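The values are calculated or read from the model by the stated rules, or taken from the named source; none is laboratory data. Computed from a prediction, not measured in an experiment: that's the story for all the values here. A quick note on method: Cβ atoms are made from the backbone with ideal geometry, for glycine too, and the neighbour counts reach across all protein chains shown.
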Amino acid sequence: MTDPGRPTIESPKPTVWPLVVALGLVLAGAGAALGTVAFLALGGVMFVVALWSWLAELLPGRGTEAEPVAGPSPAPVAARPGTVEQLGPGMAGYRMRLPEKVYPISAGLKGGLAGGLAMPVPALLWGVLSGHGLWFPVNLLAGLALPGIDELSVAELEQFRPTLFAVGVVIHAAISAVVGLVYGVLLPTIPRSPRWQLLVGGVVIPLIWTGASYGLMGVANPVLRHYVDWAWFAVSQFVFGLVAAAVVVRSEKVIVPPAGTGGAAPPPTPGEGGRP
């Protein structure tokens, strides 16, 4: 029991409801992905009950408790505006942001669009060599967003359909731009030479993307997954990755301003355009 004469501090009470909320979301997501109504219902009930109980504990006077102060309270800090000196290069405590140089956003967009223009070449080549025609890969791509595509026959998927063509182009352009931005952010963090960045962007990421696409398509549309030639799909990803990574790596980097400079780039240092 807390001594009435002893100073206390208000602290949150321990609660298990956040864990129950997370468990409910996991069960509901598993039920939705696997088509199990029992998991979906149980997870939904757990989520609603736990969230309600958690919010109830956040009401004034219900989610906190008084903890006795172990020692004397610290003295208040007096503010002294204008007395902090701006740190600069070479000064003790000067902090750099890593990486020191990054590619601009435009480099990621250019890389994504360039890769998006090169990627359809092997995909359309597969459509021609397999005998399905040029429109078959485009219609399969549109099937990721439009319902009912799996009900079409192979002959119908080989035909030109304006709606499927438009949806396929939009999906391809959007994914290319987003992945290009990811390349622009990720590649500067790869150490060593640009060759390693090309290896990661042209080989490693396409392999991960191919595996993820295979697994996700098996959940979203298992019928369409059997129509895709995954060897040619992987080749298309490699082509995209190599082109996008090459465009990004060849772009000129920009200097990241150090922490506390208010967005201003640091002055040039010797060897980078400045005088010794």
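Checked against the criterion of being exposed (fewer than 13 other Cβ atoms within 10 Å of the Cβ), modelled with pLDDT of 80 or more and of a type in the set (Val, Ile, Thr), the range 8-22 has at least one qualifying residue. Do we find that Gly260 is outside any helix (DSSP H, G or I) and modelled with pLDDT under 85 in this structure? Answer is yes for this residue. Of all residue pairs spaced 6 or more apart or on separate chains, those with beta-carbon atoms under 8 Å, a first member in the range 214-240 that is modelled with pLDDT under 85 and a second member that is acidic (Asp, Glu) are Asn221/Asp150; Val223/Asp150; Leu224/Asp150.
Could you check how many residues of the range 153-167 are part of a loop (DSSP other than H, G, I, E, B) and surrounded by 14 or more Cβ atoms within 10 Å (Cβ to Cβ)? Explain how you work it out, then say what you get.
Of all residues in the range 153-167, those part of a loop (DSSP other than H, G, I, E, B) come to 153, 158-161.
Going one step further and asking which of them are surrounded by 14 or more Cβ atoms within 10 Å (Cβ to Cβ), we end up with 158, 161.
Final tally of qualifying residues: 2.
Pull up the range 176-194, narrow it to residues that are within 14 Å of Trp209 (Cβ to Cβ) and in contact (Cβ under 8 Å) with a residue 40 or more places away in the chain, then point me to the one that is nearest to the chain's Cα centre (by Cα). Residue satisfying both the conditions and the ranking: Val182. With respect to the conditions (1) modelled with pLDDT under 85; (2) outside any helix (DSSP H, G or I), Asp150 falls short on a single one, namely (2). Looking only at the range 117-152, residues that are more than 30 Å from Ala245 (Cα to Cα) and surrounded by 19 or more Cβ atoms within 10 Å (Cβ to Cβ) come to 2 in all.
When the range 43-60 is limited to residues that are over 30 Å from the mean Cα position of the chain (by Cα) and not hydrophobic (A, V, I, L, M, F, W, C), the one that is nearest to Val21 (Cα to Cα) turns out to be Ser53. Residues considered: Val170, Val128. Of these, the only one that is under 30 Å from Val249 (Cβ atoms) and in a helix (DSSP H, G or I) is Val170.
With modelled with pLDDT of 85 or more, in a helix (DSSP H, G or I), surrounded by fewer than 17 Cβ atoms within 10 Å (Cβ to Cβ) and of a type in the set (A, V, I, L, M, F, W, C) as the only criterion, which of Ile208, Ile175 stands out?
On inspection, the qualifying residue turns out to be Ile208.
Does Pro4 count as more than 30 Å from Met217 (Cβ to Cβ), in a loop (DSSP other than H, G, I, E, B) and at pLDDT 80 or above? Walk me through how you get there before you give the answer.
Working: more than 30 Å from Met217 (Cβ to Cβ): yes; in a loop (DSSP other than H, G, I, E, B): yes; at pLDDT 80 or above: no.
Considered against the rule, which asks whether it is more than 30 Å from Met217 (Cβ to Cβ), in a loop (DSSP other than H, G, I, E, B) and at pLDDT 80 or above, Pro4 comes out as no.
Scanning the range 143-175 for residues that are within 16 Å of Gly133 (Cβ to Cβ), touching a residue at least 24 places away in the same chain (Cβ under 8 Å) and either of a type in the set (Gly, Ala, Ser) or in contact with a Ser or Thr (Cβ under 6 Å, 6 or more places away or on another chain) (or both) returns Gly143, Gly168.
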